[in-house]
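Participant: This is the structure I want to talk about, given as structure tokens.
The values are calculated or read from the model by the stated rules, or taken from the named source; none is laboratory data. The shown structure was predicted, so the numbers you read here are calculated from the model rather than taken from an experiment. Because the Cβ atoms are built from the backbone with ideal geometry, glycine has one as well, and the counts that use them run over all protein chains shown.
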Amino acid sequence: MKITDIKTYVTMPIEGLAWLFHEYNILKGMGYVSHLMSAIDIALWDIKGKVLGVPIYDLLGGPVRGSVPLYTHVQDQSQPFSIDDMVAAAKRTMADGFDAIKTDPFKSQREMGPDFRGASMVERLTPKAIAEAVEWMDALRETVGPEYELMVDAHGRFDVASAIAGARALEHVDLIWYEEPTHVESDEALQQVRENTNVPLCIGERHFTRWDYVQVLENRLVDYIMPDVAWCGGISELRRIAAMAEPRYIRVSPHDALGPVAIAASFQTCMAIPNLYREECIHTWFNDFEKIITPMFDVRDGHIHPSGKPGLGIELIHEEVARYRVDVDDTRAMPAWSNPRKGANGRWYTVETAGESGKG
Ligand SMILES: [Mg+2]
């Protein structure tokens, strides 16, 4: 966090602390530690594989599939994207060979202007917002056809009543899952949604280490889980969490909103996970990935195919990586969810864009 952020928070009334808590919920209680653990764990697996001359999936018991299916994104419903923009993106995505798409059809209900003094960031969905979400998803379903696999991400934003209302309104769309309907601190809120909708549920990008999953799995609160290999504790922890879910018939779909090292680490693990659904990616970022890794992932027909190379199967091109280096105090290093220049489908930044100003 930047010093300027701290000054803002300490001058806000006490409700600002709830804002701070929810703004950084991507880290939850143990996030700082599990993020660090993940980086070390992934590096150690890479080193071991490269020393032994085998892919990491061979060290995890060997491949259980020939390739790893992906899902990707179209725009979320937010400015400046229109339904026509989203439909055009969905058509391009289908033409690129991907057969599963995720989107967030719910416009932000936060009023986060400079005078914001709300008690928290728990959003209430208005009837208008729900109607707009239905319109968004109906247009997407009509574009892709009845068999295409669609997911909705609620980004852990809603109060329970809104989460239930949103889920019920979208039941006819036949979703694979409805993701993080409520704020992630409360299993009770998730259970209340679970008991009041027929839409399959998914959580996990804000759940870290095997201990975070115990209650969720034992109480069967979801149908899918989505640990992030770079946040949950690494390849070792992702493999353990998947094993916990397997006997409960809950499928794993590793989250990803990061870079090619995380994609590679997820891929290596997914090759050895029996209860895999799909690995997440944002395929429009692949053009940037191929500038900084070698060899680039072999992406065909919406799958990553293994190269057979040892460790993570990739090497970073360090002189190219340096072009993307961003100082921690730079506005471009702000979390994606509070940086309007760095949304889920935003572009990557290079040193050539360093003069451009971001938020704040
Ligand atoms: Mg998500």
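Participant: Can you tell me which residues in the range 317-329 are within 23 Å of Phe267 (Cα to Cα) and touching a helix residue (DSSP H, G or I) at 6+ places or on another chain (Cβ under 6 Å)?
Facilitator: Across the range 317-329, the qualifying residues are Ile317, Glu320, Val321.
Participant: Go through Arg168, Arg157, Arg239 for me and flag whichever is of a type in the set (D, E, K, R) and more than 30 Å from Ala131 (Cβ to Cβ).
Facilitator: Values: Arg168 fails: more than 30 Å from Ala131 (Cβ to Cβ); Arg157 fails: more than 30 Å from Ala131 (Cβ to Cβ).
That would be Arg239, the only listed residue that is of a type in the set (D, E, K, R) and more than 30 Å from Ala131 (Cβ to Cβ).
Conditions (1) outside the structural domain of Pro127 (by TED's automatic domain parsing); (2) away from the ligand (no atom under 16 Å from the Cβ); (3) more than 29 Å from Gly311 (Cβ to Cβ); (4) modelled with pLDDT under 95, marked per residue:
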| residue | (1), (2), (3), (4) |
| --- | --- |
| Ile42 | yes, yes, no, no |
| Val51 | yes, yes, no, no |
| Val54 | yes, yes, no, no |
| Gly66 | no, yes, no, no |
| Tyr71 | no, no, no, no |
| Gln75 | no, no, yes, yes |
| Val87 | no, yes, yes, no |
| Ala100 | no, no, no, no |
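Participant: Can you report the number of residues in the range 32-70 which are touching a Gly at 6+ places or on another chain (Cβ under 8 Å) and of a type outside the set (A, V, I, L, M, F, W, C)?
Facilitator: Of the residues in that region, 10 qualify.
Participant: Limited to the range 155-174, what total is found for residues that are modelled with pLDDT of 95 or more and part of a loop (DSSP other than H, G, I, E, B)?
Facilitator: Final tally of qualifying residues: 2.
Participant: Being in contact with a Leu (Cβ under 8 Å, 6 or more places away or on another chain) and at pLDDT 95 or above is the requirement here; does Pro200 meet it? Reasoning before the result, please.
Facilitator: On the way: in contact with a Leu (Cβ under 8 Å, 6 or more places away or on another chain): yes; at pLDDT 95 or above: yes.
Spelling it out, Pro200 is indeed in contact with a Leu (Cβ under 8 Å, 6 or more places away or on another chain) and at pLDDT 95 or above.
Participant: Next up: So which residues in the range 233-254 are acidic (Asp, Glu) and either closer than 13 Å to Ser38 by Cα or within 16 Å of the ligand (Cβ to nearest atom) (or both), if there are any at all? Before the answer, list the steps.
Facilitator: As a first pass, look at the range 233-254 and keep what is acidic (Asp, Glu): 237, 246.
Listed by number, the list holds a single entry, Glu237.
Participant: Just wondering, is there one or more residues in the range 187-208 that are among the basic types (Lys, Arg) and in contact (Cβ under 8 Å) with a residue 40 or more places away in the chain? If you could, list the steps in order and put the result at the bottom.
Facilitator: Let us first name the residues in the range 187-208 that are among the basic types (Lys, Arg), namely 194, 206.
Next, only the ones that are in contact (Cβ under 8 Å) with a residue 40 or more places away in the chain stay: 206.
Yes, there is a match, as at least one residue in the range 187-208 is among the basic types (Lys, Arg) and in contact (Cβ under 8 Å) with a residue 40 or more places away in the chain.
Participant: Still on this model: Checking the conditions here, which among Ala230, Ala257, Ala265 is in contact (Cβ under 8 Å) with a residue 40 or more places away in the chain, under 20 Å from Gly313 (Cα atoms) and away from the ligand (no atom under 16 Å from the Cβ)? Spell out how you get there, then give the answer.
Facilitator: Values: Ala230 fails: away from the ligand (no atom under 16 Å from the Cβ); Ala257 fails: away from the ligand (no atom under 16 Å from the Cβ).
Residue meeting the stated conditions: Ala265.
Participant: Here's another thing I want to ask about it. What pairs come out if I take residues in the range 134-145 that are under 19 Å from Phe106 (Cβ atoms) and assigned by TED's automatic domain parsing to the domain that holds Ala88 and pair them with residues that are at pLDDT 95 or above and polar (S, T, N, Q) whose C-beta lies under 8 Å away, six or more apart or interchain?
Facilitator: That search, which allows pairs on different chains as well, returns Trp136/Thr103; Met137/Thr103; Leu140/Thr103.
Participant: Among the residues in the range 181-189, are any within 15 Å of the ligand (Cβ to nearest atom), closer than 15 Å to Pro254 by Cα and touching a helix residue (DSSP H, G or I) at 6+ places or on another chain (Cβ under 6 Å)?
Facilitator: First pass over the range 181-189, keeping only residues within 15 Å of the ligand (Cβ to nearest atom): 181-184.
Okay, now just the ones that are also closer than 15 Å to Pro254 by Cα, so none.
Checked the range 181-189: no residue is within 15 Å of the ligand (Cβ to nearest atom), closer than 15 Å to Pro254 by Cα and touching a helix residue (DSSP H, G or I) at 6+ places or on another chain (Cβ under 6 Å).
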